[in-house]
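**Student:** Have a look at this one before I ask anything.
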Amino acid sequence: MVKNSLIDKYTYRVEWSAEDNVHIAHCLEFPSLMAHGNTAGKALMEIEKVVTESIKWMEEENELIPEPFGLKKFKGNLTLRVPSEIHKNLVIKSAEEGVSLNQYILSKIS
């Protein structure tokens, strides 16, 4: 049985494709899936159908079903490896602004 309660909790994006002359919908938790429609609403309905069928198949195959991003718990820790020269430049810029390196990076990515 498809977990219908999950379908409306996934993260969807719809964009216009000038090349294809249609709206293209994606589900971010299922990056390989997409659907299209003549309107944004139709594309969204279609991707929800594709996700529903994919979940049915995954259940039959005992595959792990992705958890919606909105239901996941995030720690708030992010490990990022950068070249030493970039690290040094970030430390200098954060010092110039009088903030911690963490605060400086957070201000740049938020």
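**Student:** With a 1.4 Å probe and every protein chain left in place, tell me how much accessible area Asp8 has, in Å² to the nearest 10.
**Tutor:** Using a 1.4 Å probe on the heavy atoms, I get roughly 110 Å².
**Student:** Given the whole protein assembly as supplied and a 1.4 Å probe, what does the accessible area of Ser107 come to in Å², nearest 10?
**Tutor:** Here the accessible area works out near 70 Å².
**Student:** Using alpha carbon centroids, what distance separates region 1-40 and region 48-64, in Å?
**Tutor:** Cα centres, region 1-40 to region 48-64: 15 Å.
**Student:** May I pose another question? Just the accessible area per residue of the chain, please: how many Å² with a 1.4 Å probe?
**Tutor:** Values: 8410 Å² over 110 residues.
About 76 Å² of surface per residue is accessible.
**Student:** Additional query: Contour minus end-to-end for Ile109 and His87, with contour as 0.36 nm per residue of separation and end-to-end as the Cα-Cα distance?
**Tutor:** Working: separation 22, 0.36 × 22 = 7.92 nm, distance 1.52 nm.
This chain segment gains 6.4 nm when fully extended.
**Student:** In addition: Using the Karplus curve 6.51 cos²θ - 1.76 cosθ + 1.60 with θ = phi - 60°, what ³J(HN,Hα) values do you get for each residue of region 9-17, in whole Hz, with x for Gly and Pro?
**Tutor:** Calculated HN-Hα couplings, in order: 9, 6, 9, 10, 9, 10, 9, 7, 10 Hz.
**Student:** Sort Arg81, Arg13 by heavy-atom solvent-accessible area, probe 1.4 angstrom, most to least. Don't skip to the answer; put the middle values down first.
**Tutor:** Details: Arg81 215, Arg13 125 Å².
Final ranking, largest accessible area leading: Arg81, Arg13.
**Student:** Count the lysine pairs in the chain whose Cα atoms sit under 30 Å apart, keeping only pairs 8 or more residues apart in sequence or on different chains.
**Tutor:** Qualifying lysine pairs in the chain: 26.
**Student:** Now for a different question. Along the charge dipole of the chain, which of Ile24, Ser107, Pro68 sits closest to the positive end, that is, farthest toward it, with unit charges on the beta carbon of Lys, Arg, Asp and Glu (+1, +1, -1, -1)?
**Tutor:** After comparing all options, I get Ser107.
**Student:** Where in region 18-105 are there GluC sites (Glu not before Pro) that are in a DSSP coil and have at most 13 other Cβ atoms within 10 angstrom of their Cβ?
**Tutor:** Glu19, Glu61, Glu63
**Student:** Can you check how the C-alpha radius of gyration of the chain compares to 2.2 N^0.38 Å, as a plain ratio? Each step should come with its number before you reach the end.
**Tutor:** Working: Rg = 20.2 Å, N = 110, 2.2 N^0.38 = 13.1 Å.
Compared with the compact-globule rule of thumb, the chain sits at 1.54.
**Student:** Also, quick follow-up: For the chain, what relative contact order do you get, as a whole percent, if you take Cα pairs closer than 8 Å and at least 6 residues apart? Intermediate values should be presented prior to the final figure.
**Tutor:** Values: 125 pairs, mean separation 21.3, N = 110.
After rounding, I find 19 percent.
**Student:** Which percent of the accessible heavy-atom area of the chain goes to carbon and sulfur, probe 1.4 angstrom?
**Tutor:** Values: 4570 of 8410 Å².
Exposed carbon and sulfur together represent 54 percent of the surface.
**Student:** Would you list Phe74, Phe69 from the most to the least accessible area, probe 1.4 Å? Intermediate values should be presented prior to the final figure.
**Tutor:** On the way: Phe74 155, Phe69 85 Å².
Accessible-area ranking of Phe74, Phe69, largest first: Phe74, Phe69.
**Student:** Given labels modelled 7 Å from the Cα in the Cβ direction, how far is it in nm from Asn102 to Asp8?
**Tutor:** Rounded to a tenth, the inter-label distance reads 3.8 nm.
The values are calculated or read from the model by the stated rules, or taken from the named source; none is laboratory data. As the structure is a computational prediction, the values presented were derived from the model and not from experiment. Using ideal geometry, Cβ is built from the backbone for each residue, glycine included, and neighbour counts are taken over all protein chains shown. Accessible surface areas use protein heavy atoms only, side chains included; no ligands, DNA or RNA. Shrake-Rupley method; radii C 1.70, N 1.55, O 1.52, S 1.80 Å.
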